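What follows is one structure encoded as structure tokens, with my remarks underneath.
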Amino acid sequence: MRRLCAVAILLAAASPAQAQCVVDVSAGADFSVAVHASGRVQAWGGSNGHGQLGNGTFGGSSANPAYVLDESVGTAPVEGAAAATSGFAHNLLLMRHGTVKAFGDNTHGQLGDGFVGVDRPRAVDT
């Protein structure tokens, strides 16, 4: 059975047959985030100075979508996301079970994780 999507994103080395259906997208200052129907999240774009790409690092950029990592499970990708929204350099993920995860710039406590000034390069629970 063939599945049709309104939007699909190719992984870096994937073929068109491996494209993933996207259910939500969001964009910050110079980066973008996509939530897939599978509940996984990918990010790509320019500056990653605050960890806003969610790939576990600070700095650099990514022209190819990479999975956002979940701090609570180490280096595994986020699972179970339903929607995303982005600020200038941070992101919030609404999870299917109603909680929120956040990553990126936390200069003013905008991630809601109980800390101020501690940027998060992986998604954390809020």
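Read the figures in this text as sums done on the coordinates, not as results from a lab. In this text, all values refer to a predicted model and were calculated from it rather than measured experimentally. Every residue, glycine as well, gets a Cβ built from its backbone with ideal geometry; the counts of neighbours run over all protein chains shown.
Assorted remarks:
- Mean shadow area of the range 46-97 over all directions, Cα convex hull, nm²: 3.8 nm²
- Radius 15 Å from Cβ of residue 109, net charge of other residues (Lys, Arg +1; Asp, Glu -1): -3
- From phi via Karplus (6.51, -1.76, 1.60), per-residue ³J(HN,Hα) for the range 117-122 in Hz, x at Gly/Pro: x, 10, 5, 10, x, 10
- Net +/- balance of residues flanking residue 78 in space, Cβ distance below 14 Å, scoring K and R +1, D and E -1: 0
- Count Lys and Arg as plus one, Asp and Glu as minus one, and take only other residues whose Cβ is under 15 Å from that of residue 51; the net charge is then -3.
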